[in-house]
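For reference, the structure is listed below as structure tokens.
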Amino acid sequence: MKRLLIAAPAALLFALGACSDEAPEDEGPLDTAANEETASAEDTEPVELDLADAAGACPYIDSDLLNSTTGEDFRFASGGPGEDAGEDAPAQLTCAVQTGEAAYPDLTLFIIGTEATVDVYEDELADGTSEVSGLGEAAYWVVHTEDTGAGPALEMGWYEGGTIFEMRYTTPAGTDAAVVEGLVDGFAQLAVGVSTAHAEAAG
């Protein structure tokens, strides 16, 4: 099986910008999570679920809830500390989960520390996002329908206690966008579980 590729999220760019001593140029809304792709040098090799064995952000994902929400049978996961962006970069964790049958569907999760406040996070959200209630201090979702060679993708992000979370579920080509929108509530529950597990692990 090929090594899982993980997209570099907008959250990482946002967190890096918040930690910089220089004021960033005004370049408009942040790009979405799938606009750039990179393979992390320190990711673990894909392992069959149990997600805890995949390290990184993977142990925070409830695999049973993921499968029941999507109707898929996710079997492989790869996680790690994320791309090495230098000693001044914020702490980050990543995870990518696949069925093993094809490239899509897949789920990617990024967890990134930031010095930005929740107000700054909300100000930087791109147009066209919708609010998610009951998730973190601020949360959004959006379905991407751009032609990327895959189907529509549900992106859900949230801010909690100085940490940015970004989760993206990408479907196979030909999937109806309305079907993906119908998964929002289920992924919100998955996201709450991720946030709770992360907080418990942090102590």
Need one number: convex hull volume per residue for region 114-203, Cα atoms only, in Å³. 104 Å³
Distance (nanometres) between label positions extended 7 Å along Cα→Cβ at D147 and A173: 1.1 nm
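Sorted by average packing, counted as other Cβ atoms within 10 angstrom per residue and highest first, what order do 127-133, 111-117, 175-181, 190-196 take?
The packing order, highest mean first, is 190-196, 111-117, 175-181, 127-133.
Kindly state, to the nearest 0.05, the FRET efficiency for A202 paired with A103, given R0 = 45 Å and r defined as their beta-carbon distance.
Working: r = 33 Å, r/R0 = 0.72.
That pair, A202 with A103, gives E of 0.85.
No lab work stands behind these numbers, since they all come straight from the coordinates. Here the structure is a predicted model, which means the values were calculated and not measured. All Cβ positions, glycine included, derive from the backbone under ideal geometry; neighbour counts span all protein chains shown.
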